[in-house]
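Here the structure comes first, spelled out in structure tokens, and everything after it is commentary.
Derivation of every value follows stated rules applied to the coordinates shown; laboratory data play no part. Please read these numbers as outputs of a predicted model, since none were measured by experiment. A quick note on method: Cβ atoms are made from the backbone with ideal geometry, for glycine too, and the neighbour counts reach across all protein chains shown.
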Amino acid sequence: MISERMAWHSDESHREQKDAVAAKLQRLSASGQPLVPLRVPTKNPKLVSSFWARAWCRHLESYHDYETRLPRGRSYLRNGHVYNLEIEPGLITAQVTGSDLYDVRIPVEPMENVEAFQKACAGSVSTVLDLLSGKLSDTLLQLVTHPTQGLFPAPGQIKFVCSCPDWASLCKHSAAVLYGVAVRFEADPALFFLLRGIDPAQFVAGQSLGAPPASHEIPEEDLSSIFGIDIPPP
Ligand SMILES: [Zn+2]
């Protein structure tokens, strides 16, 4: 009987917490700060299928320190708890609902060995599109996904800051956001490079590191020679 009573109390407090969070979301929405939920494809049992999204998940799942919280985070994401997920150079931010509404910040240190990495894959990538779609040689795949020398952040380069009271360095809210990031990479793999502060064009054959972005404007005299037309002087 006692356990039944306790279960009832726990159900009751869980419902109260849920109502309080829903009220908070409504207040934010009414004050002009609506929370935008991250939509997760429900039909894909693997969550993501594209190269960068899957490689991101595999990389994180390879660290034993994370393994206890990742499955919980994954189901949190699937159940629609992640909102306002933003990716910018070196930083992921989001809000996650649970017993309350929590702010999650995940700073990611910039990649240190970009130049060495670029040298290692010199001439192996023909187009930015090949890179973004993961059409890479086996050698390049190994370089890219290397646990410490590759393009993915090592555990020391990634921090988890969540406003929840969980003592663990990776709480289920941050874990949910990490999987949310994979969903965003699935839709737009260029976001991976944005997060790492790398221009994907740096890895394409013939591009030099640190060169200014190529101008899209072609001088008029070149136009006339390219197309074989006469352009009257202004
Ligand atoms: Zn948390």
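Among residues of the range 140-155 that are more than 14 Å from CYS57 (Cα to Cα), those with a Cβ under 6 angstrom from a residue that is part of a helix (DSSP H, G or I), sequence gap 6+ or separate chain, pair up as LEU143/ALA120; GLY150/VAL144.
Taking the range 122-165, which residues are within 16 Å of the ligand (Cβ to nearest atom) and of a type in the set (S, T, N, Q)?
Within the range 122-165, the subset within 16 Å of the ligand (Cβ to nearest atom) is 158-165.
Correct list: SER163 only.
Give the range 62-74 a look and list any residue that's under 15 Å from LYS172 (Cβ atoms) and either touching a Leu at 6+ places or on another chain (Cβ under 6 Å) or assigned to a helix (DSSP H, G or I) (or both), or say none.
Going through the range 62-74, the residues under 15 Å from LYS172 (Cβ atoms) turn out to be 65-74.
Passing the criteria: ASP65, TYR66, ARG69, LEU70, PRO71, ARG72, GLY73, ARG74.
Evaluate the range 136-152: report whether one residue or more is closer than 18 Å to ASP188 by Cα and small (Gly, Ala, Ser). No, there is no match, as no residue in the range 136-152 is closer than 18 Å to ASP188 by Cα and small (Gly, Ala, Ser). If I filter the range 166-186 down to residues being in contact (Cβ under 8 Å) with a residue 40 or more places away in the chain and aromatic (Phe, Trp, Tyr), which single residue comes out as nearest to the ligand (Cβ to nearest atom)? Here the residue is TYR179.
Select from the range 118-139 the residues that are farther than 13 Å from VAL204 by Cβ and out of contact with any Pro (no Cβ under 8 Å at 6 or more places or on another chain) and list them in ascending order. Within the range 118-139, LYS119, ALA120, SER137, ASP138, THR139 qualify. Filtering the range 78-100 to residues that are buried (at least 17 other Cβ atoms within 10 Å of the Cβ) and within 13 Å of the ligand (Cβ to nearest atom) leaves HIS81, VAL82, ALA94, GLN95, VAL96, THR97, GLY98.
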